[in-house]
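Below is one structure, written out as structure tokens, with a few remarks after it.
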Amino acid sequence: MAKLEVLLDEEPGRDAIRLPLAAGDVLLERLLEHGIEVGHDCGGRLACASCRVVVREGVESLNAISEDEQDMLDRASASEPGSRLACQAVAGSGSMMIEIPRAPALPPATSAEATVVTLTERAAQHFATQLAKRNSGLTVRLGVQPSGCSGYSYRVDYAETPGADDLVVDTRGIRVAIDRGSLPLIQGTTVDVVKHGLQRRLRFDNPNARDYCGCGTSFAA
């Protein structure tokens, strides 16, 4: 059986960890199964680059990189040769060696990041009402995920606390957490609430969106 050797940049000098590797294995799944910590903020849905690894040997044993994966790596400025997203890297029949890069320290929000998402008064009132209904929901979490007919859709969740890698901002008294993998796709977005017939729905005015699908729930960036 082929082997997967894993180098941890967090622990220089440590011997490589060796794992069994079968054709068809997704690297992210294999790493997590063996308790090796690797980022996966979006849950392996190709909506962030936190699971980036660098293939040091055996890159030819992996599936070809897709345009979507390369686009996400480019957005994350991950230009190091051999960079792959572990959630998209599928093993072939050969052995390989990968390195898990050291996670960069997350700086505090800058003034520009503080306005990464803006809520209108109507949206703030909507979220305040939703949070009041949830005894444990104190934070609105926003992000994007691959979905829909145009490429991406918005994700809105309510959480007790932000995620470890979330950027947290306050807008109109509402604490909003954005996973940093979604920042390139959501930067500068204004969230509003509009009436649609007898119902109300969230509307995202996103300057990064090139096109919206006819259903209005997904966008291309």
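What follows draws every value from the coordinates through simple rules; no lab data is involved. This one's a predicted model, so the numbers in the text were calculated from it and none came from an experiment. All Cβ positions, glycine included, derive from the backbone under ideal geometry; neighbour counts span all protein chains shown.
Quick one: order TYR152, TYR158 by neighbouring beta-carbon count within 10 Å, fewest to most. Each step should come with its number before you reach the end.
On the way: TYR152 23, TYR158 15.
Sorted ascending by nearby Cβ count, the order is TYR158, TYR152.
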Net length gained if the chain between GLN70 and ALA220 were fully extended (0.36 nm per residue, minus Cα distance): 52.4 nm
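Quote the FRET efficiency, to the nearest 0.05, computed for GLU37 versus ARG201 with a Förster distance R0 of 45 Å and r equal to the Cβ-Cβ distance.
Numbers: r = 38 Å, r/R0 = 0.84.
E(calc), rounded to 0.05, equals 0.75.
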Spherically averaged projected area in nm², based on the convex hull that wraps the Cα atoms of segment 2-100: 5.7 nm²
As a footprinting exposure proxy, order SER83, SER93 by other Cβ within 10 Å, with the fewest listed first. SER93, SER83
Sequence of CYS87, CYS48 once ranked by neighbouring C-beta atoms within 10 Å, starting from the fewest: CYS87, CYS48
